[in-house]
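The values are calculated or read from the model by the stated rules, or taken from the named source; none is laboratory data. No experiment lies behind these values; they were computed from the predicted model shown. Cβ: placed from backbone, ideal geometry, glycine included. Neighbour counts: every protein chain shown. Please note that ligands, DNA and RNA were not included when accessible areas were found on the heavy atoms of the full protein model with its side chains. Shrake-Rupley method; radii C 1.70, N 1.55, O 1.52, S 1.80 Å.
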Amino acid sequence: MPPALSRADQSELILSKAHASVPDGILVVDSKGKIVAFNRRFTLLWGLPNKGLRGSPDRATVRRVLDQLVDPQGFQARVRYLYDHPRERSREELLLKDGRVFERHSAPIFSADRRQYGRVWYFRDITERKRGEERLRERERLRLHREFVANVSHELRTPLTAIEGFTETLLNGALDDARNRRRFLRTIIAHSRRLRQLVDGLLDFSRQEAADLHAAKETEIDLRRFIKDLILGIRPVLRRKSLAVSQYVERGLTVRICELQLCRILGNLLDNAAKYSRPGGRIRVAAERKGSRIVLSVEDRGIGIAAADLPKIFDRFHRSSTARRHGVAGNGLGLALVKQLVESRGGSIGVESREGKGTAFRVSLKPA
Ligand code: ADP
């Protein structure tokens, strides 16, 4: 019969068994940086020998680990930081030269009297999970690309088919039909304009994706002056529809951004507000500081957006049922571009709308 184990030995045995079966590689280091415990999974993950590790300075193990990392300096700096800040916990993902990815956690260990005893390190091989996530992202990228090409083809085909059909009708005799030929020609020109609008929108989009707008220079922009100029720029449409625009911008409020980007963002929102307003409508443009952010808003009292369309409003080519029912022309690319621009500089965009009542877009930007 084996000798009876003391209570302390029993709990040590249970703990060591438990440590042996967890998926994490565990390493325990005392406050002087000496290795006091590790499990088998730890040595397996890092290809380290089991013998001679306990009691050795942690530094030697760190060196062997460093040789296997893609960014050894970064890891070393973070380890040094943790030894300098013994109370901190941290987590990171480590890329290994052999293609594996490890998740690393580290936390301090305290004795019962709250004195620092040392530090525990956990390493988990998450290579498979990462590959799965990458595969999903790639599949989603392909799906979006396919959907985009299908949308573009569909959008281009609709006006093209109409132009072809009406031209053929004219050539097949309708040219002599004095009553209808002008109507047919007007339809052809309307579809040609739609085609131009689509192609212009696509070009804008591809320019954006080629990142030439991202690369543009950032300057400090006085929002009050900028918005005033933007409103002046759409005066013809404001006059035509008898729209009134009011501007609320705190004096001296500035944002550091590329002027062209801001023009695209606010210009698109303002164009839409005018386009989807009924004659005689009102538009409100505002810019204000909210905490550390700057919030730009464009509100109108126009046709609004049906609740069912709201979640899709920033998708490329999506046009709300309300806009289509009111026969307002558009290509559904402007808001997708705005969202992409806003998010590319760490901002966010939101929309509130009620059909028949109006719409408010809010863009939140970091000031610098
Ligand atoms: P579009 O060229 O169709 O206006 P956008 O991408 O700018 O394309 O907008 C997408 C859709 O969002 C529009 O087709 C319209 O249905 C809706 N929308 C955008 N802004 C407004 C607004 N201010 N009022 C009502 N609907 C809007």
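Which one of these is in contact (Cβ under 8 Å) with a residue 40 or more places away in the chain, open to solvent by less than 60 Å² (accessible area, probe 1.4 Å) and in contact with a Pro (Cβ under 8 Å, 6 or more places away or on another chain): R119, R124?
Every option except R119 fails the conditions.
What residue, of R87, R78, R114, is free of Cβ contacts under 8 Å to residues at least 60 places away in the same chain, open to solvent by 90 Å² or more (accessible area, probe 1.4 Å), at positive phi and not hydroxyl-bearing (S, T, Y)? Give the derivation first.
Values: R87 fails: at positive phi; R78 fails: at positive phi.
After applying the criteria, what remains is R114.
Somewhere in the stretch 32-48, is a residue surrounded by fewer than 15 Cβ atoms within 10 Å (Cβ to Cβ), assigned to a helix (DSSP H, G or I) and on the phi < 0 side of the Ramachandran plot?
yes
What is the residue count in the stretch 105-126 for residues that are out of contact with any Ser or Thr (no Cβ under 8 Å at 6 or more places or on another chain), under 21 Å from G74 (Cβ atoms) and in a strand (DSSP E or B)?
4
For the stretch 323-358: of the residues being modelled with pLDDT of 90 or more and of a type in the set (S, T, N, Q), which is farthest from the chain's Cα centre (by Cα)?
Taking the candidates together, the pick is S353.
Pairs please, first residue from the stretch 339-357 and closer than 21 Å to T219 by Cα, second anywhere and of a type in the set (S, T, Y), Cβ atoms under 6 Å, 6+ apart in sequence or on different chains.
Sorted first by the residue in the stretch 339-357, then by its partner, the pairs are G347/S364; S348/S364.
Condition test on D176, is it modelled with pLDDT of 85 or more and open to solvent by 100 Å² or more (accessible area, probe 1.4 Å)?
Working: modelled with pLDDT of 85 or more: yes; open to solvent by 100 Å² or more (accessible area, probe 1.4 Å): yes.
Here the answer is yes, as D176 does meet what is asked.
Kindly indicate whether I265 is of a type in the set (A, V, I, L, M) and within 14 Å of S297 (Cα to Cα). It would help to see each step written out before you state the result.
Values: of a type in the set (A, V, I, L, M): yes; within 14 Å of S297 (Cα to Cα): yes.
Criteria met by I265.
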